[in-house]
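What follows is a single structure, written as structure tokens, with notes after it.
Every read-out reported here was derived from the displayed coordinates using simple, explicitly stated rules and does not represent laboratory data. All values reported here derive from a predicted model rather than from experimental measurement.
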Amino acid sequence: ASGLERRGGLGVRSSGFSGRGVGASGLEQGGGLESYFVSDYDPTIEDSYTKICTIDGIPTRLDILDTAGQEEFGAMREQYMRTGQGFLLVYAVNDRGSFNEISKFHTQILRVKDRDEFPMILVGNKADLDLQRQVPREEALSFARESHITYMEASAKIRLNVDESFYEVVRAIRRFHEMELPPAPTVNPKKKKARSCPCSIL
């Protein structure tokens, strides 16, 4: 999201990328955005949610865009990638095909951003269906390590790591911004300090 980071708060726009039926929309709606789990969800071209929360003591507004399963809107998806500050790459642990798509999303985001790395979190959703698991944890962890991103498993149904997955992408965005900021200029103590104003980081 266009992020507005200043003393006292951070605005973050994150996007969720996944295939159809992996439960990403339920994950987003479960993240304090809706108080119930949606088991049958019909994705549209896009759905957006807003969540106000405090993460590590900093008030934060999350603008979350769900683009689950929109393969037919490739150009629109790239637009989301251009404007997003952080991304949740969501697959279902019981769906091998959804995991196989993650590498494509990861590569596309880096290409659109023209970066070698960017704030992303890999989320194995539907962790409550462990008996039906098709993607071993070790395989997902291996992909995450190679891609230099964090991996976690979640379940909207049992509220496992729902909020935490969004908090982690915010932390990744903050770390990325800290690395991108130029060194603070040396202040001459003899000169009067100019009044500071909030900075917008887009």
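Between the amide H of Asp95 and those of Gln134, Val135, distances stay under 5 Å, these residues lying 5 or more places away or on another chain, with hydrogens modeled in the peptide plane.
Under 5 Å from the amide H of Phe87 lie the amide H atoms of Ser15, Met120, Ile121, each residue being 5 or more positions distant or on a separate chain, with H modelled from the backbone and absent for Pro and chain starts. Applied to the range 141-151, the Karplus parametrisation 6.51 cos²θ - 1.76 cosθ + 1.60 on θ = phi - 60° returns per-residue 3J(HN,Hα) values of 4, 4, 4, 4, 4, 4, 8, 6, 10, 7, 10 Hz, with x for Gly and Pro.
Using the Cα gyration tensor of the range 96-150, with a ≥ b ≥ c the square roots of its eigenvalues, what is the shape: rounded (a/c below 1.5), prolate (a/b larger than b/c) or oblate (neither)? Prolate. For Leu160, what residues show an amide H to amide H distance below 5 Å, using hydrogens built from the backbone and excluding near sequence neighbours? Sorted by chain and number, the residues that satisfy this are Ser155.
Subtracting the Cα-Cα distance from 0.36 nm times the residue separation, let me have the gained length for Arg115 to Arg137 in nm, one decimal.
Length gained, Arg115 through Arg137: 5.2 nm.
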